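Worksheet for the structure shown next.
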Amino acid sequence: MGRILLIVAAVVLAFFLLGSLLGFVFGLLKWALIIGLVAVVVTFAVKLFRSSGIRG
């Protein structure tokens, strides 16, 4: 009986850790995509303004 409870506790703890780890990984992925999108937009804007000859 004690061994079964220990196994169940280990499985539950593994799911908690897996959920936290996946949340962290997907959070990092989300921020990487946001930063990448901002970089692409800025690059596109710089190329657009540079090629159109708009000067201040």
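Here is how the number arises for the chain: DSSP H runs of 4 or more residues each give -39500 (n - 2.57), the sum is divided by the residue count, and the result at 222 nm is -34000 deg cm²/dmol.
Taking only the C-alpha atoms, wrap a convex hull around the chain and report its volume per residue in Å³ as a whole number.
Taking only Cα atoms, the chain has a hull volume of 40 Å³ per residue.
Where a number appears in this text, it was derived from the coordinates with a stated rule and is not lab data. The model shown is predicted, which means the values in this text are computed figures rather than measured ones.
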